[in-house]
Structure formats: structure tokens, C-alpha cells
Amino acid sequence: MRALLLRLSESKRLAPLIMRNPVSRRMARRFVAGETLDDAVEAARAVNRAGQSASLDLLGENVSDEAGAGRAAQRYLEMFDRIAREKIDANVSLKLTQLGLDLDQALCQELIEQIVAHASALGNFVRIDMEGSAHTQRTIDIAKRVRAKYTSVGTVMQAYLYRAEQDIQDLLAAGCRLRLCKGAYKEPPELAFPKKEDVDANFVKLMKLLLPSGIYHGIATHDPAMIRATKEFAREKNIARDQFEFQMLYGIRTDLQQQLVREGYRLRVYIPFGTDWFPYFMRRLAERPANLVFFLRNLLPKSSTR
Ligand code: FDA
């Protein structure tokens with residue numbers, strides 16, 4: 001089912017049907033802060049009031065032309081201005097395919113550099129999200145090139161990929177801040193651990209490489225076992241609670257988010273917004289069968305459930 005949903009998340013035919021449907025629109029609002037930057041700012045303010053930081057993400061991936069990539073870059077520049085003007089505790093997460101990675105790598109490199117330069121001038125930070133494995137090496141190459149010029153950029157490592165450990169060594173040597181997550185795309189067994197227990201074991205192994213590195217990293221998970229392992233390791237190695245942060249997605253396990261803050265840990269909430277929410281929504285459905293069951297149950301007309 002996970003594989004099917006992840007395949008459907010790339011369907012250009014299904015996207016408009018799901019995005020027009022009122023049930024899916026309502027359900028997407030659980031995971032997406034709204035359609036506008038105002039919505040995202042409001043969500044970030046609420047998150048800040050709860051003692052948490054935010055990372056704003058303008059939804060959109062795989063732009064189809066260079067003008068679209070330029071428009072996305074412009075919106076990120078404006079986002080940093082707004083964050084600075086309103087003194088919100090937030091950085092920004094973005095995807096390189098939204099900046100034209102698949103159209104023109106040189107253009108993508110130029111746009112991400114402009115964004116990071118702007119963030120850097122404002123004392124802020126850009127996180128380059130990690131997409132499917134077809135983009136891994138190019139994302140790392142670009143992140144390293146930009147990191148050689150600015151400290152205010154980092155990227156993401158996915159524990160389901162066999163290559164992640166080697167990539168982490170490579171990126172730590174470049175001084176890169178990393179977010180560790182399990183990985184949300186459909187990957188073949190030649191590239192990624194197919195079994196959850198192996199992904200989890202690798203996540204813990206990689207977390208243990210990151211935390212003592214002396215660089216500020218993000219441990220992004222809602223999994224209590226991963227969180228427990230991280231806390232235990234940090235305690236064992238005397239790594240202070242302000243030397244790393246936990247990260248979670250908007251609308252998921254808010255109880256756990258609040259608990260971590262109460263315990264004195266740093267927590268950043270990833271806040272997606274925008275009109276292009278279909279692939280993000282489908283990946284969230286794929287992560288948890290209960291989400292899909294709830295969605296399908298609500299899609300069925302009431303009469304058919306009698
Ligand atoms: P796991 O999937 O094992 O879930 C553990 C528990 O968390 C579940 O039992 C459930 O309680 C809860 N949960 C998880 N997902 C849920 C959902 N959708 N709805 C409701 N409950 C849910 N991936 C990627 O490939 N590239 C990236 O750049 C990022 N970026 C990113 C940023 C941040 C801040 C987070 C938290 C995650 C990502 N991810 C990502 C997604 C990540 O790879 C992964 O798919 C999800 O975080 C789910 O994995 P968990 O670690 O939560 O564990």
C-alpha cells in the first residue's frame with residue numbers, strides 16, 4: 001500500500017482530482033498550514049508561542065519551466081524578509097527540484113546561492129530537503145558547493161539509504177549541518193533497506209555519528225523509539241540539550257512535540273504551506289495506514305456505510 005501511494009503521489013492525472021475533492025482538502029489541512037504565506041506565518045507564531053521553532057516550506061516540487069523556478073526563488077527571498085520583519089523564530093526548508101534541478105542544474109545552483117546569500121545576510125538558515133534517490137548525489141553536490149561559501153545552509157540524510165553513512169562522513173567533513181530522517185520516497189531494495197527494523201537500526205547508528213560531531217544537527221522523527229535512543233545517547237555522551245534539535249512535521253504527534261519542549265529539548269516544527277500540496281499529502285498518507293483508512297472512510301458517501 002505504501003508503495004502504491006508513493007507511486008500515485010507522482011501522478012499528474014490524480015493530482016487535480018484529489019486536490020478538488022472537499023474531503024481531501026479538509027484532511028490535507030491537518031498536515032498543511034494553509035495556502036498563503038500569511039497562513040504559514042500564523043502557524044509559525046503559534047508554534048513559537050508553544051516554545052518551538054519553525055521551518056517554513058513553500059510546497060511545490062518538479063517545476064516544469066525555468067520561469068517557475070525563478071518565481072519559487074523569489075518567494076523564498078520574500079519569505080526570509082517576512083521572517084526577519086516579523087521576528088519569527090523560523091528558518092526555511094526547500095526542495096531543489098522546485099528551483100529547477102531537473103531542468104538546468106546551473107540555474108538551480110545560481111538560485112539556491114541567491115537564497116542562501118540572502119538568508120545569510122539576515123542571519124538565517126536554509127535547509128535543502130532531500131528528495132528521491134535520482135536527486136541524492138546532485139543535492140549533495142550542490143549543498144557542498146554552497147556550504148563552501150556560506151555556513152547558513154544544510155541538507156538532509158535519509159536513514160533508509162545504504163549510502164547515507166558514507167554521505168554523512170562526506171558532509172561532516174565539509175562542516176555541513178544535517179537533518180536525519182528515515183526517508184519518505186519509494187526506493188528499490190538495491191538502494192534502500194526494505195524493512196522498517198533495518199531503517200530504524202540505521203537511524204540510530206547515524207544519529208550516533210551526528211550528535212558527537214560538534215555540528216548542530218536536527219533529529220527528525222515522530223518515532224518514540226528513535227527519540228528515546230537519541231536522548232539516551234546524548235545523556236551518555238554528555239551532549240547538552242541545546243547542541244541539537246528534534247524536528248517534527250506540522251500536525252503530527254503534537255503531544256510528543258509539547259512533551260519534548262516540557263523536558264527542555266529543542267524542537268522545530270516543519271510547516272508546509274501553498275497550493276501544490278498533493279505529493280506532500282500522499283507521502284503523509286503513505287506513512288500511516290490509519291491516515292489512509294480515515295481518508296477512504298470519509299470519501300465514501302454516508303449511505304454506503306449504513
Ligand atoms: P515512523 O514512520 O516509524 O512513524 C513513527 C510514528 O510517528 C508512527 O507510529 C505515528 O505515530 C507517527 N507518524 C509518522 N508519520 C505519520 C503521519 N504521516 N501521520 C500520522 N502519524 C505519523 N523525508 C525525506 O525523504 N526527505 C526530507 O527532506 C524529509 N524532511 C523531513 C523533515 C521533518 C521535520 C520530518 C519530521 C520528516 C521529514 N521527512 C523527510 C519524512 C521522514 O523521512 C519520514 O517519512 C517521516 O518522518 C515518518 O517517519 P518517522 O521517523 O516519524 O517514523
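The values are calculated or read from the model by the stated rules, or taken from the named source; none is laboratory data. Worth saying up front: this structure is predicted, and the values here are computed from it rather than measured. Counting neighbours? That spans all protein chains shown, and the Cβs are built from the backbone with ideal geometry, glycine included. Accessible surface areas use protein heavy atoms only, side chains included; no ligands, DNA or RNA. Shrake-Rupley method; radii C 1.70, N 1.55, O 1.52, S 1.80 Å.
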**Request:** Give the residues of the range 181-230 that are within 18 Å of the chain's Cα centre (by Cα), open to solvent by less than 60 Å² (accessible area, probe 1.4 Å) and more than 23 Å from GLN257 (Cα to Cα), sorted by residue number.
**Result:** TYR185, GLU187
**Item:** Pairs with Cβ under 6 Å, 6+ apart, first in the range 198-220 and closer than 13 Å to GLN169 by Cα and of a type in the set (A, V, I, L, M, F, W, C), second open to solvent by 60 Å² or more (accessible area, probe 1.4 Å) and within 12 Å of the ligand (Cβ to nearest atom)
**Value:** none
**Asked** Hey, among the residues in the range 260-277 that are more than 15 Å from the chain's Cα centre (by Cα) and among the hydrophobic types (A, V, I, L, M, F, W, C), which one's nearest to ALA46 (Cα to Cα)?
**Response** VAL261
**Message:** Can you pull out every residue in the range 65-96 that is in a loop (DSSP other than H, G, I, E, B) and without any contact (Cβ under 8 Å) to a residue 24 or more places away in the chain?
**Reply:** LYS87
**Request:** Inspect the range 67-84 for any residue being within 17 Å of the chain's Cα centre (by Cα) and at pLDDT below 95 and give the result as yes or no.
**Result:** no
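Give me a count of the residues in the range 240-256 that are open to solvent by 10 Å² or more (accessible area, probe 1.4 Å), within 13 Å of the ligand (Cβ to nearest atom) and of a type outside the set (Val, Ile, Thr). Steps first, please.
In the first step, residues of the range 240-256 are kept if they are open to solvent by 10 Å² or more (accessible area, probe 1.4 Å); the result is 240-243, 247, 249-256.
Narrowing the set further to residues that are within 13 Å of the ligand (Cβ to nearest atom) leaves 247, 249-256.
Narrowing the set further to residues that are of a type outside the set (Val, Ile, Thr) leaves 247, 249-251, 253, 255-256.
The number of residues fulfilling the criteria is 7.
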**Complete:** Those residues of the range 121-146 that are away from the ligand (no atom under 16 Å from the Cβ) and open to solvent by 50 Å² or more (accessible area, probe 1.4 Å) come to a total of 6
**Request:** Would you confirm whether any residue within the range 172-179 is more than 26 Å from ALA240 (Cα to Cα), within 12 Å of the ligand (Cβ to nearest atom) and touching a residue at least 40 places away in the same chain (Cβ under 8 Å)?
**Result:** no
